[in-house]
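Scroll down for the structure; my scribbles are underneath it.
The values are calculated or read from the model by the stated rules, or taken from the named source; none is laboratory data. Quantities reported herein were computed from a predicted structural model and do not represent experimental measurements. Virtual Cβ from ideal backbone geometry, glycine too; neighbours counted across all protein chains shown.
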Amino acid sequence: MLVVMSLRNVVVLAALAALVAACASPPPAPSPAPIETRPVPLTPPAEQSTAPVVRREIVPPAETPPSAPPSALTSPAVIVPPDAIYVCVVDASGTRRQTVIEFVPKVLDLCRRHPEMGPCQYERNVCRAAGGRVYAANGDEITLRTEAEYDRKVMRVRFRAN
(Lines give C-alpha, C1' and ligand atoms only; values in the text may rest on other atoms or scores of the structure.)
Protein backbone atom coordinates (compact mmCIF):
# COMPACT_ATOMS: atom_id res chain seq x y z
CA MET A 1 0.00 0.00 0.00
CA LEU A 2 1.46 3.28 -1.08
CA VAL A 3 0.72 6.42 0.97
CA VAL A 4 0.71 9.60 -0.99
CA MET A 5 1.07 12.81 1.00
CA SER A 6 0.51 16.25 -0.32
CA LEU A 7 2.81 19.15 0.51
CA ARG A 8 0.15 20.57 2.80
CA ASN A 9 0.02 17.35 4.86
CA VAL A 10 3.83 17.30 5.16
CA VAL A 11 3.86 20.91 6.45
CA VAL A 12 1.09 20.18 8.98
CA LEU A 13 2.90 17.04 10.15
CA ALA A 14 6.20 18.95 10.54
CA ALA A 15 4.48 21.74 12.48
CA LEU A 16 2.83 19.19 14.76
CA ALA A 17 6.17 17.47 15.41
CA ALA A 18 7.80 20.85 16.23
CA LEU A 19 4.95 21.68 18.60
CA VAL A 20 5.31 18.37 20.46
CA ALA A 21 9.09 18.84 20.73
CA ALA A 22 8.67 22.38 22.06
CA CYS A 23 6.24 21.28 24.76
CA ALA A 24 8.47 18.50 26.06
CA SER A 25 10.07 19.13 29.43
CA PRO A 26 13.84 19.64 29.51
CA PRO A 27 16.01 16.93 31.03
CA PRO A 28 16.46 17.28 34.79
CA ALA A 29 19.40 19.40 35.85
CA PRO A 30 22.22 17.57 37.60
CA SER A 31 22.20 18.00 41.36
CA PRO A 32 24.66 20.67 42.48
CA ALA A 33 27.77 19.61 44.28
CA PRO A 34 27.73 20.29 48.02
CA ILE A 35 29.15 23.68 48.91
CA GLU A 36 32.48 23.38 50.62
CA THR A 37 32.86 25.73 53.55
CA ARG A 38 36.08 26.53 55.28
CA PRO A 39 36.28 27.70 58.87
CA VAL A 40 36.57 31.41 59.58
CA PRO A 41 40.27 32.27 59.33
CA LEU A 42 41.61 33.34 62.72
CA THR A 43 44.35 35.92 63.15
CA PRO A 44 47.53 34.36 64.62
CA PRO A 45 48.31 35.69 68.13
CA ALA A 46 51.66 37.11 66.98
CA GLU A 47 49.91 39.31 64.39
CA GLN A 48 46.98 40.49 66.51
CA SER A 49 48.72 43.64 67.74
CA THR A 50 49.50 44.93 64.23
CA ALA A 51 46.68 43.53 62.07
CA PRO A 52 44.00 45.96 60.85
CA VAL A 53 41.35 43.27 61.35
CA VAL A 54 41.58 40.66 64.08
CA ARG A 55 39.46 37.52 64.09
CA ARG A 56 39.75 35.54 67.31
CA GLU A 57 37.62 32.82 68.81
CA ILE A 58 35.50 33.67 71.82
CA VAL A 59 35.74 31.24 74.69
CA PRO A 60 32.28 30.88 76.20
CA PRO A 61 32.02 31.21 79.97
CA ALA A 62 31.56 28.09 82.04
CA GLU A 63 27.92 27.11 81.98
CA THR A 64 25.92 27.08 85.16
CA PRO A 65 23.32 24.36 85.64
CA PRO A 66 20.00 25.63 84.27
CA SER A 67 17.13 26.10 86.69
CA ALA A 68 14.64 25.13 83.99
CA PRO A 69 15.04 22.58 81.24
CA PRO A 70 16.41 24.20 78.08
CA SER A 71 14.00 24.56 75.21
CA ALA A 72 14.91 23.15 71.84
CA LEU A 73 13.83 26.43 70.25
CA THR A 74 16.21 28.67 72.18
CA SER A 75 19.81 28.93 71.16
CA PRO A 76 22.65 30.07 73.39
CA ALA A 77 23.12 33.81 73.54
CA VAL A 78 25.74 35.46 71.39
CA ILE A 79 28.69 36.75 73.39
CA VAL A 80 29.80 40.20 72.20
CA PRO A 81 33.00 41.48 73.82
CA PRO A 82 33.32 45.21 74.53
CA ASP A 83 34.57 47.32 71.59
CA ALA A 84 33.47 44.69 69.07
CA ILE A 85 30.72 45.33 66.57
CA TYR A 86 30.44 41.93 64.85
CA VAL A 87 30.45 38.32 66.00
CA CYS A 88 30.51 35.41 63.59
CA VAL A 89 28.63 32.35 64.85
CA VAL A 90 29.13 28.99 63.13
CA ASP A 91 27.02 26.01 64.19
CA ALA A 92 28.69 22.93 62.73
CA SER A 93 28.31 19.29 63.72
CA GLY A 94 26.59 20.14 66.97
CA THR A 95 29.20 22.62 68.22
CA ARG A 96 28.91 26.38 68.23
CA ARG A 97 31.97 28.51 67.50
CA GLN A 98 31.85 32.25 68.04
CA THR A 99 34.49 34.47 66.48
CA VAL A 100 34.76 38.14 67.28
CA ILE A 101 35.65 40.51 64.43
CA GLU A 102 37.70 43.45 65.70
CA PHE A 103 38.90 46.42 63.67
CA VAL A 104 41.58 49.06 64.22
CA PRO A 105 40.07 52.17 65.87
CA LYS A 106 39.72 54.15 62.63
CA VAL A 107 37.85 51.37 60.81
CA LEU A 108 35.87 50.51 63.96
CA ASP A 109 34.55 54.08 64.07
CA LEU A 110 33.74 53.96 60.35
CA CYS A 111 31.84 50.67 60.67
CA ARG A 112 29.88 51.92 63.66
CA ARG A 113 28.70 54.97 61.74
CA HIS A 114 28.41 53.41 58.26
CA PRO A 115 28.05 49.60 58.39
CA GLU A 116 27.40 49.55 54.65
CA MET A 117 31.03 50.40 53.84
CA GLY A 118 33.32 47.94 52.08
CA PRO A 119 35.66 46.80 54.89
CA CYS A 120 32.71 46.05 57.16
CA GLN A 121 30.81 44.19 54.46
CA TYR A 122 33.91 42.22 53.45
CA GLU A 123 34.35 40.84 56.98
CA ARG A 124 30.68 39.91 57.21
CA ASN A 125 30.95 38.08 53.88
CA VAL A 126 34.03 36.16 55.08
CA CYS A 127 31.92 34.91 57.97
CA ARG A 128 29.05 33.87 55.70
CA ALA A 129 31.44 32.11 53.32
CA ALA A 130 32.50 29.94 56.26
CA GLY A 131 28.87 28.97 56.87
CA GLY A 132 28.42 31.43 59.71
CA ARG A 133 25.85 33.99 60.74
CA VAL A 134 26.82 37.57 61.58
CA TYR A 135 25.50 39.29 64.69
CA ALA A 136 25.85 42.97 65.56
CA ALA A 137 26.92 44.27 68.96
CA ASN A 138 23.27 44.59 70.04
CA GLY A 139 22.66 40.88 69.29
CA ASP A 140 20.64 41.38 66.10
CA GLU A 141 21.53 39.15 63.17
CA ILE A 142 22.74 40.93 60.05
CA THR A 143 20.98 38.98 57.33
CA LEU A 144 21.24 39.20 53.56
CA ARG A 145 18.09 41.32 53.66
CA THR A 146 19.95 43.81 55.87
CA GLU A 147 22.85 43.72 53.40
CA ALA A 148 20.42 44.51 50.56
CA GLU A 149 19.21 47.55 52.53
CA TYR A 150 22.84 48.65 52.94
CA ASP A 151 23.38 48.23 49.19
CA ARG A 152 20.31 50.33 48.45
CA LYS A 153 21.55 52.99 50.84
CA VAL A 154 24.82 53.41 48.95
CA MET A 155 23.22 52.61 45.58
CA ARG A 156 25.59 49.70 45.08
CA VAL A 157 24.90 47.67 41.95
CA ARG A 158 25.76 43.97 41.74
CA PHE A 159 26.29 42.37 38.35
CA ARG A 160 25.69 38.65 38.25
CA ALA A 161 26.94 36.16 35.71
CA ASN A 162 23.58 34.40 35.40
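Scan segment 89-97 and give yes if some residue there is modelled with pLDDT of 80 or more, surrounded by 13 or more Cβ atoms within 10 Å (Cβ to Cβ), touching an Asp or Glu at 6+ places or on another chain (Cβ under 6 Å) and over 14 Å from E141 (Cα atoms), otherwise no. No, that holds for no residue. Figure legend. Inter-residue proximity from segment 123-152: first residues buried (at least 17 other Cβ atoms within 10 Å of the Cβ), second residues of a type in the set (D, E), beta-carbon distance below 8 Å, spacing 6+ or different chains. Indicated pairs: R124/E147; V134/E141; Y135/E141; Y150/E116. Pairs meeting the criteria (first residue in segment 18-38 and at pLDDT below 65, second residue of a type outside the set (K, R), beta carbons under 9 Å, at least 6 apart or on different chains) are I35/G131. Residues that are in contact (Cβ under 8 Å) with a residue 24 or more places away in the chain and either over 14 Å from L42 (Cβ atoms) or not in a strand (DSSP E or B) (or both) within segment 97-111 comprise F103, V104, V107, L108, C111, listed in sequence order.
Whether any residue in segment 60-79 is at pLDDT below 90 and touching a strand residue (DSSP E or B) at 6+ places or on another chain (Cβ under 6 Å) is what I want to check.
First pass over segment 60-79, keeping only residues at pLDDT below 90: 60-79.
Among the residues that remain, those that are also touching a strand residue (DSSP E or B) at 6+ places or on another chain (Cβ under 6 Å) are: 78-79.
So far as segment 60-79 goes, yes, one or more of its residues are at pLDDT below 90 and touching a strand residue (DSSP E or B) at 6+ places or on another chain (Cβ under 6 Å).
Looking at the structure I just gave you, is Y86 of a type in the set (S, T, Y), touching a helix residue (DSSP H, G or I) at 6+ places or on another chain (Cβ under 8 Å) and modelled with pLDDT of 85 or more? Yes, satisfied.
Scanning segment 112-136 for residues that are within 20 Å of R56 (Cβ to Cβ), of a type in the set (A, V, I, L, M, F, W, C) and not in a helix (DSSP H, G or I) yields a count of 3.
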